[in-house]
Amino acid sequence: WYDTGHEGTPSEEWYRLAAQRQQQRHNYHHVRACGDCAIRSICDGFHTQYTTRWGGGEARPYPGTRISDPHHFIAGQRKRDYVIPDEAASREMSPPEGGGRMAGQLTLEGSGGAADRHTKPARR
């Protein structure tokens, strides 16, 4: 959605269709354990290369009531919006009252990996 120039949040229908296309395009499928899984409807399953090499025997169904909301696991996460550096000074850097998305600058320097976000103690 973000990479097609659309602003805002896609509809749930758009999300489900896009997820199905990606699942087919990247050869994901569900294994036997997925039949009883509470998150099957929002899970892509396993990549075919993985199950061809390792099988699906270690998979365990997620227990509980069926979950169909694709935002279920991320609903409580605090998010950060990418802000162009020139705009960063004009945006508030703290989370809005009541939760929700945070505005702030995310830099794209370095590799983007954990090492870029942490400083290491000096070696003696």
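Points to keep in mind about this one:
- Close pairs from the stretch 35-63: first surrounded by fewer than 16 Cβ atoms within 10 Å (Cβ to Cβ) and of a type in the set (Ser, Thr, Tyr), partner modelled with pLDDT under 95 and outside any loop (DSSP other than H, G, I, E, B), Cβ under 7 Å, at least 6 apart: Thr48/His29
- Residue ranges of helices (runs of 4 or more DSSP H) in the stretch 18-124 with at least 3 members at pLDDT below 80: 85-88, 114-117
The values are calculated or read from the model by the stated rules, or taken from the named source; none is laboratory data. Given the structure is predicted, the values throughout are model-derived calculations rather than measurements. With ideal geometry, Cβ positions are generated from the backbone for all residues, glycine too; neighbour counts draw on all protein chains shown.
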